[in-house]
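Here the structure comes first, spelled out in structure tokens, and everything after it is commentary.
Only the coordinates and a few stated rules stand behind these numbers; no lab work does. Everything numeric here is computed off the predicted structure, so don't read it as measured data. Heads up, the Cβs are rebuilt from the backbone with ideal geometry, glycines too, and the neighbour counts pull from every protein chain shown.
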């Protein structure tokens with residue numbers, strides 16, 4: 001198996017900042033009683049993982065809700081899929097043959113899940129696919145009118161790196177150095193940070209060991225031009 005270095009993993013995870021959008025919520029929406037589900041595949045040796053959501057795994061009724069979504073490869077997350085609030089089962093599975101129908105997928109994990117109004121259920125698959133960990137994070141949808149007016153964006157950070165149990169996450173404007181960087185949060189293993197708001201601009205992000213000023217990794221300049229919620233994950 002090809003060895004994946006810590007630096008390469010950080011590069012992959014940090015690059016997700018531009019594409020891993022949790023939700024862009026329109027305050028004028030009239031939808032009610034709906035939430036969202038999302039899968040994030042952080043298992044380095046996993047194939048593409050398929051998420052299936054089912055009202056009742058044992059039901060054969062044609063009108064009951066069942067939906068399988070597009071497979072998610074390593075270091076990627078799918079879109080935010082909207083669901084009516086309520087109780088569901090979810091399955092994680094991979095494809096053994098040409099069919100992606102849920103009945104033809106090899107199930108890795110299944111569990112109950114509640115979709116609440118105006119929340120995102122983010123399912124994170126990590127560690128080896130042979131001994132996987134599945135974590136679920138409940139994230140409130142942020143719908144602040146001031147974000148657009150004041151040109152702010154929202155950021156959370158998830159630490160899934162087993163070799164870096166506690167990290168500090170910094171950011172600076174892209175015309176600044178680490179000496180001018182602001183500490184965003186101190187994040188423990190498997191912890192999803194609180195939401196942080198920042199001015200829409202171009203930023204550089206940095207990771208250090210907790211309490212250290214030695215930079216383990218920094219990104220290139222990343223532009224944030226919308227008020228969407230963004231999430232960064234550091235992982236094994």
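Here the calculated FRET efficiency for residue 116 and residue 179, from their Cβ-Cβ distance with R0 = 35 Å, stands at 0.25, rounded to the nearest 0.05. Restricting the calculation to Cα atoms, region 107-196 shows an Rg/Rh of 1.04 when the hydrodynamic-style radius is the Kirkwood one.
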